Structures are given as C-alpha cells and as structure tokens.
Amino acid sequence: MIPLSYYLVLSGILFACGVTGFLIKRNIISIFMSIELMLNGVNLSFVAFAAEWKALSGQIFVFFVMVVAAAEAAVGLAIIISVFRTRETLNVDQVNLLKL
Amino acid sequence: MTPNLHLWLIPILPLIGAAINGLFGKRFTRQITSAVALIFSGAALAWALWVALQFSPAIAPYKEFFASWIRAGDFRADFAFYLDQLSLVMLLVVTGVGFLIHVYSIGYMWEEGGFYRFFCYLNLFMFFMLTLILAANYLQMFIGWEGVGLASYLLIGFWFTKDSAASAGKKAFIVNRIGDFGFLIALFLLIKHFGSLNFDQIFSSIMPMGPETQGSGLLTSIGLLLMVGAAGKSAQIPLYVWLPDAMEGPTPVSALIHAATMVTAGVYMVARSHVIFDRAPGALMVVAIIGTLTAFFAATIGITQTDIKKVLAYSTISQLGYMFLGCGVAAYSAGVFHLMTHAFFKGLLFLAAGSVIHAIGGEQDMRQMGGLRTKIPWTFWTMTAATFAIAGIPPFAGFFSKDEILWQAYSSVHGSWVYWLIGVITAFMTSFYMFRLWFLTFFGEYRGTAESHGHDDHSHAGAPAPHGHGGIHESPRVMLVPLVILAVLSVIGGWVGYHNTFENFLAPVFRAGVTTSAEAGQAAASTESHAEEGARESLLMGISIAAAVGGFFLAWLLYHRRRDLPEKVAHSLGGLYTGVLNKYYIDELYAALFVAPLIRGSSKLLWRGIDQNVIDAGLDNSAEAAREVSDTVRHMQSGNLRSYAGWVAAGAAGVVLYMIWIGIR
C-alpha cells in the first residue's frame, strides 16, 4: 500500500507547480490552467485523506470542488474569449485598464 | 417664635443685578445700568437693615436652610444661612459701605468704557461677599471666599488693556491661591476629624475639648492653616504683596474690595473660627505675631510711598495687621470693631483719594499735588475726618477701635507688652504717614500740571486717558454724598464702642467658645483691682493719643513747615531709606526666590523638557514612524495582480512553515 505521505507530497508538488505557474505565466489560458492544477492538487490530498481514514466526506468534497471548477471554467473561458475579442491579446500585463 | 428673615434674599439680590447688567448691559444706557446696579444693591441694604431691626439677641444664632447641596454618606453641606451678632455687623458694613461705593462709582466711572461690566462685577462681588458672610458652613464660606477673589481679579484687571493692570490682577489671584490652599487643607482636616463643615456641628464637637497647651495638635494645625488662608485674603505677611499692586484697579474698587470689605474676610473668618483658635494658643500666638509684624512693617513702607493710593494700600495692610493682632490676643470683638471703623474711614480715604485723583486729571503722585484744600473743599473736609480717624485722634472712630486693640494686646491673657509697644509705634507711624499724605495733598503750593480753571470743564476729549477732565474741579454730587455719609460714620462710628457697648453686643458670639482655663484667667484678671486697671488703661490710652498727636506734629514739621527737611532726613538715612522706598525689595526677593525658579522650572523642565521632548516628541515620533513604515509597506500595493498573488502565496507558505515548525516542536 502506498503511504499517505506520498500522496501528500505529490499533492504539494502539484499545488506548488500551480502557484508557480500562476505567478510567472503571462498568458491568461496558462494562468487558468495553473489554477486548475492547484485545485486538483488539493483534490488529491482530499481523496488521499478520505481513503486513509475511510471517511466519505473527503470524496464528496472533491465532487463539489469539481463542480465548482467546471462552472468556473465555463465562466472563466467565456471571460477570456470576450477579453480576447476586445483586446486582441491574452497577455495579462496588457489587460490593465483598471490600473492607474 | 423666630420670624422668618429670608436671609437668602440678601445675596441673591445683587446676583440678579449682576446677571441683568452682565447679560443685557451692553444695550443699556448708562442711566439704566446704574439704576439696575443701585436698585439691587440698595435692596440688599434695605433687606439687611430690616433684618437688623428684626434681630434680637434672643434669636441668635438664627439659622436658615435654603437648599441641600452635597450629601455623601454622613457628610452634608447645604446652602444654609447663619446669622448672629458677628455676621450681622459684617452684613451691615458690607451692604452699607457697598451701597455707598456703588453710588460713588456712578460718578467716578461715568466716563469709562465698560460701564456695565464694572457694575456687573461690583454686584457680583456683593453677592459673593454676602455669601461668605452669611454662610452656615465652611464650604459655602469657601464659595464666597473664592468668588470675592474672582471679583477682585476681574476688577483689578478692569482696564485689562493696560499690561500692569492685567498682571496685577493675576498676581492677586495667584497669591490668593496660595492662601486658599491652606484654607482648603484646613477644611479637609475638619471633614476628616469632625465629619462635617457646619459651624454648629464643628463647634459643638470642639467645645468640650481643652486647649492644646503643649506641643501642637489637630486644632493648632487647623488654626494655622486657616491663618494661611486669612493671610492670603487679608494681605498679611508673607502674602501681602498683591494688595499694593491691586491699586491698579479703579479707585472705587480699591475702596470697596481692597480696603473695606474683601480684605477683612480673613479677619471675619478668624473671628468666626474663634472656637478653634481659643483652643489653640500656639495658632493664636502666630496670628498675633503676624498681625503685629504686618502692622509695623507695612507702616514703615507707607511712610516712603509717593503714590497716594499706594500709601493707602500699605496703610490698609497695616490696619489689617491691627485687626489680626486683636484676634490674636483673643480679643475678637476688638478686631471686628476695628474692622468696622476701618471699613468706614479707609473706604472714605480711598473714595476721597479717588475724588482727588479725579479732580486733577488722573494724577496719583502726591508730589504733583498740594494746595488742593481750597479747590476741592468737600473732598478736603471728608478726607480730613478720615485722616483723623485712622490716625487715632479722639473722638474719631479709629481712636476707639485702635485703642481697644492696643489695650487688649497689653492686658489680655494672650497679650504682651511687646505687642502693645510695637502697636503704639505703628500708631505713631500711621499718624505720621497719614498726615504726610494730608499735608502733601491739601497744603502748600500746587505742584501739578493740571491747570486750575476753577470750574467744571466737562469736555472729555476722547476717552482713552482716564479722567481726562479739564482743570481742577470738585467731584459731582453723586460722588460727594457717599463721602459725606462715610465721613459722618468715620466721626461717630467709634462711639458704639463707648463703655464696651460693641463688645457686649458681640459677647454672646465669642463667649460661647471661651475655654475654662481662659475663663479662669479672665476671672483672675478681673479680680485685679479695678481702679488700678482703669488707671493703667487711661495711661496707655494717653500714650496712644500722644503717639497720634506726635505723628501729626512730625508730619506738620516735615511736610508743611520745613519742606526741605524730608530730603535731608532721607539722605542721612541712606541705605535704610532706599530699602524702605523699594519696599524692602520684598517683591524682588519673591521674584528671585519663588517666581524665577518657578518660571525656569516650568519653561525649561516642564515646557521644553517634558512637554516638548517627551509628550510632543513622543507623539511626533510615533506619527513619523507610522508614516515611514507605511511608506515602505506602500510598495506592496503595486497594482500588479500577480504580485498580490505572490504575496498571498508567500503568506500561505509562511503559514505552512509555521505549522510545520509547530509540528516539529
């Protein structure tokens, strides 16, 4: 049986990758994917704990996260498309109308 | 059955007058302002006279409850009034002299700016003074005590645009504060030990106590602290310095507050607390010594002064010293008697001096006067009556009261021939400097600059200079009538002391407190053969008359006959003369000893040191630090979304690290 710590380390690595990508990427799509990566890193730790402690609530929670992530993806991609239509770019540094 | 005297009306009436003039006076004409002031102070006088008619020894002490004020546990202080022979005498003196001075002020202040303000303050003073006199407990007395101090401050600084007047007011207020400090501590001691401030309760619980003959005890401390308060209010050594400066105020104020009434509050307070002093011979001795020294000391200064009001101011201090001497040898009625006659003749002296100053256009230097006898005859004759009265020449009022004090100083069980001797020397000096003033002002050649037109020239070109009249002229009738009334009182006022009538009238008040041992002493004294005592009294009386007459002749010689002599005498005395002329440098001494260190301490240590370097600097530096920190932290808010995310991530990482660290531990 694979020990819990392995899952947690993997989950941490995934999350860290997500954070790093979120911070350094300029492209909105990449940032979006980094966010998904972070969510899934967290999901992994949820299911790992659920399996370890034989508790169903962790699994249930992951479904919720997936649902929210799907909804968010739909809204987010719609925003990205409309941004691209108006600004003709996906570089977040250039989407700075609200900044002084 | 005791009639209801409605004593509360007496102080309230002047207060209403003050309120009306103070609130609406600006819109009033001078006629209305003076009518309001006169009606209310006159009503107080009328009511006081009515009370005096209703009064009989049978109802004394008459007490009246007005309203409750402070109730804390067992402690109670009420607004209540207390009338006995002592407060009745004070009541009549204050309302009577006060009313006359109100009348006089109308003439004196007519040309002044702030007319309504003056009468508002004057009525306010009457209110507080009457509160002080009629109080039935020390706390209410203290209200009046502080209130008259306030009124005195306001009136000394009446011409507040003049720097010297403003600082004289402050000086009076601050010096009085030192005395009030002593008074307050005495009150605290009384509350602590007797649980009350009511005269009745305190005196009845003190009554059974014996005198504190050896060492010092509670009553001695209370007595001494009360004396500190009295020394402040009544200008005794060492707190007398404010009174000469207080002459910056308008002359009617000097007459009313700084001669006739307020400054005698200390004497009244000591007399009122006689039950305490009777049982504290140590405190009593201090009172007598302070009184004697002050009388002597102020008289010497009075000899050299050239400002007519300053002479009278030092004379007031000196006469107050006599009153304290009287109280200090447990002859309270003699002290109060002198208080009353002094109120007449010293009030008159100030008013007459004001009339002189008025006549010659604001000049106060006696060297610029002279020969005014024929030009202002009414002022001259009234002032003559007052001068003879204060000099102690029979049958004028001052003779009876002063002689009574001197006799008591000699013969009382608390007395001593030393007091008497200094008192007689002071009487000689008093007579000398008063006749010096008299001769300098009214005799010889006129030395001033005001032209002698000989008629009333009421062209008041501009108001800035006070009394900017034309030539030398007699004062208007509204000023002369009070002078004449007071002159009559100065002549006959002493006759009530004939055959000890006055003393017997006050006796019920003061006998109540006499201790058994003092009674025994008096009994022993009275067993002395009456003939011998009478002979000695006549002898002492003769000596004091001789002193008064001697002062007259010396003044006549120096300031009338041989005008060149004073210069030579002053010259031959050299340093002593300069010392006295400069008031023994007491003001300078106080300035160097107390004022300068205080100013240095408060400006260097408290202002620059603590306020600027600690409090201000603390505030400024913390604000500066906050600004600098925010200036640094501000850079986090770059507006760059990704850097925010970075901060969030860094924070999260920090939390994780912290938890790991916790876990390791």
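Laboratory data are not the source of any read-out in this text; all were calculated from the coordinates shown. These numbers come from a predicted model, not from an experiment. Counting neighbours? That spans all protein chains shown, and the Cβs are built from the backbone with ideal geometry, glycine included.
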Note to self: For a test of the definition: using alpha carbon positions, the gyration tensor, and the 1.5 limit on a/c, classify segment B:588-665 as rounded, prolate or oblate.
What the structure shows: oblate
Check: For the charge dipole of the protein assembly as shown, defined by +1 on Lys and Arg C-beta atoms and -1 on Asp and Glu C-beta atoms about the Cα centroid, which residue among B:490, B:605, B:334 has the Cα displaced farthest towards the positive pole?
Finding: B:605
Next item on the list: Treating the angle as unsigned and between 0 and 90°, give the value, to the nearest 10°, between the Cα long axis of helix B:308-328 and the longest Cα principal axis of chain B.
Entry: 90
Notebook entry, point to check: Any idea how far the Cα center of segment B:355-416 sits from the one of segment B:1-59, in Å?
Noted result: 30
Next item on the list: Neighbouring Cβ atoms within 10 Å as the yardstick, rank B:192, B:402, B:63, B:162 fewest first.
Entry: B:192, B:162, B:63, B:402
Check: What is chain B's relative contact order, in percent, from Cα pairs under 8 angstrom and six or more apart in sequence?
Finding: 12
Note to self: Given a Förster distance of 25 Å, report the FRET efficiency between residue A:95 and residue A:72 from their Cβ-Cβ distance, rounded to the nearest 0.05.
What the structure shows: 0.85
Notebook entry, point to check: With the dipole of chain B worked out from charges on the C-beta (+1 for Lys and Arg, -1 for Asp and Glu) around the Cα centre, which of B:305, B:238, B:16 lies farthest toward the positive end?
Noted result: B:16
Next item on the list: Neighbouring Cβ atoms within 10 Å as the yardstick, rank A:45, A:82 fewest first.
Entry: A:82, A:45
Next item on the list: Subtract the Cα-Cα distance of residue B:644 and residue B:538 from 0.36 nm times their separation in residues, and report this length gain in nm to one decimal.
Entry: 27.4 nm
Item checked: Equivalent ellipsoid dimensions for chain B as semi-axes, Å, which come from the Cα gyration tensor, largest first -> 52, 34, 27
Next item on the list: State, to one decimal in nm, how far the label point of residue B:59 lies from the label point of residue A:20, with both points 7 Å from Cα in the Cβ direction.
Entry: 10.7
Item checked: Principal-axis tilt of helix B:115-134 within chain B, Cα atoms, nearest 10 degrees -> 80
Next item on the list: State, to one decimal in nm², a quarter of the convex hull surface area for the C-alpha atoms of the protein assembly as shown, i.e. the direction-averaged projected area.
Entry: 56.6
Checklist line | Exceeding the 19 Å Cα-Cα cut-off - candidates B:162/B:346; B:171/B:583; B:310/B:346; B:26/B:171; B:171/B:310 | finding: B:162/B:346; B:26/B:171
Note to self: Under the rule of at least 5 residues apart or a separate chain, name every residue whose amide H is placed under 5 Å from the amide H of residue B:237.
What the structure shows: B:294
Next item on the list: Post the alpha-carbon centroid distance, segment B:330-352 to segment B:232-249, in whole angstrom.
Entry: 17
Next item on the list: Would you work out which of B:547, B:133, A:63 lies farthest towards the positive end of the dipole of the protein assembly as shown, given +1 charges on the beta-carbon of Lys and Arg and -1 on that of Asp and Glu, about the Cα centre?
Entry: A:63
Item checked: Convex hull of Cα atoms in segment A:4-94, direction-averaged projection (nm²) -> 5.8
Item checked: Pairwise FRET efficiency - residue B:573 versus residue B:421, Cβ, R0 = 25 Å, nearest 0.05 -> 0.70
Checklist line | Efficiency of FRET from Cβ geometry, residue B:50 and residue B:447, R₀ 56 Å, rounded to 0.05 | finding: 0.70
Note to self: For chain B, take the longest principal axis of its alpha carbons; what is the angle in degrees between that and the long axis of helix B:30-54, to the nearest 10 within 0 to 90?
What the structure shows: 70
Check: Assigning unit charges at the beta carbon (Lys, Arg +1; Asp, Glu -1) and nothing else, what dipole magnitude in debye, to the nearest 20, does segment A:4-94 show about its Cα centre?
Finding: 80
Margin query: Just want to confirm a number: the relative contact order over chain A, from Cα pairs under 8 angstrom separated by 6+ residues, in percent.
Written below: 27
Checklist line | A:34, A:57 arranged by Cβ crowding within 10 Å, fewest neighbours leading | finding: A:57, A:34
Item checked: Binned Cα-Cα distance frequencies in segment B:188-298 - 10 Å width, integer % -> 14, 41, 28, 14, 2
Item checked: Dipole magnitude of the protein assembly as shown about its Cα centre (Cβ charges: Lys, Arg +1; Asp, Glu -1), debye to nearest 20 -> 1340
Item checked: Test item: Cα-centred dipole of chain B, Lys/Arg +1 and Asp/Glu -1 on Cβ, debye -> 940
Next item on the list: Jot down the per residue volume, in cubic angstrom and as a whole number, of the convex hull over the alpha-carbon atoms of segment B:1-90.
Entry: 117
Checklist line | Global size of segment B:256-395 as Cα Rg and Dmax, reported in angstrom | finding: 16.5, 55
